[in-house]
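Below is one structure, written out as structure tokens; the observations come after it.
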Amino acid sequence: MGEVHQTFLEKKVDGSTTHYIGKHTYGPIHLLVKEGEDGETKNVTYLLPSKIKRQYTVTTSTNNWGNEKVRIKDEKGLLLFEGMYSPDYFFLTSENGEPFIEEDAIIRIGYNNNSPFTKDYVIPLKHVVDVAMHENEVIRGDVPLLLIVFFLFGYTAFDRKFPLFFFYLRNFLDVRDPEPSEFYLSMQRLGWKVFPIVGVILLIVAIL
């Protein structure tokens, strides 16, 4: 079930409901997580291409060892799983620590332009709990690289507005009334052209 995993979904919050909305090659994807009043129950709804709709109720509680115990039911109230959950594991486990292997949750891929979203499309229960616990959320982009980009743009804008500020800052303690050389001014003007280009390139890399 790699299709939903590999689709970037935008998060929107409306009261007690969190929406994850995006678009797959075969149609729109919309996941909803509605928080229960007890703080332990969450209703998770998958609206997928081909008009596929799946609904689950996830109930969580923390045991005496700080581990998360979960109970998952489908829209008919049928118990699908009861055991332990950890966001660091690739699978759910029983209370005894044994892996819960979902035989029906096989990987499906599209081929010959056929949509993988068919009526028997199965969503892994581990993914259902990840969505319910908001463990699927990530910050898109490289934050350190973005900071470098903002520094380059800010430095260039400041240097153009106050072209002698950094020169005086470097030399005022050593030289009385320092004057920049033609070479310094030429390199400075070159930097005004080069730094924004480098910043744009780094910005594209940071957000991909």
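Brief remarks follow.
- Within the option set Lys53, Lys23, Lys76, being within 13 Å of Ile123 (Cα to Cα) and open to solvent by 60 Å² or more (accessible area, probe 1.4 Å) holds for one residue only, Lys53.
- Only residues that are under 16 Å from Thr118 (Cβ atoms), open to solvent by less than 20 Å² (accessible area, probe 1.4 Å) and either in contact with a Ser or Thr (Cβ under 6 Å, 6 or more places away or on another chain) or assigned to a strand (DSSP E or B) (or both) were counted across segment 40-50, and they come to 2.
- Inside segment 159-194, residues that are outside any helix (DSSP H, G or I) and among the small types (Gly, Ala, Ser) make up a count of 1.
- Exactly one residue out of Pro178, Pro124, Pro163 is of a type outside the set (Asp, Glu), more than 30 Å from Ile29 (Cβ to Cβ) and modelled with pLDDT of 85 or more: that is Pro163.
- Pick from segment 152-175, criterion among the aromatic types (Phe, Trp, Tyr) and touching a helix residue (DSSP H, G or I) at 6+ places or on another chain (Cβ under 9 Å), ranking: least open to solvent (accessible area, probe 1.4 Å): Phe167
The values are calculated or read from the model by the stated rules, or taken from the named source; none is laboratory data. Given the structure is predicted, the values throughout are model-derived calculations rather than measurements. Glycine gets a Cβ as well: all are built from the backbone with ideal geometry, and neighbour counts include every protein chain shown. For the accessible areas, the whole protein counts, side chains as well, though only heavy atoms, and no ligand, DNA or RNA atoms are used. Shrake-Rupley method; radii C 1.70, N 1.55, O 1.52, S 1.80 Å.
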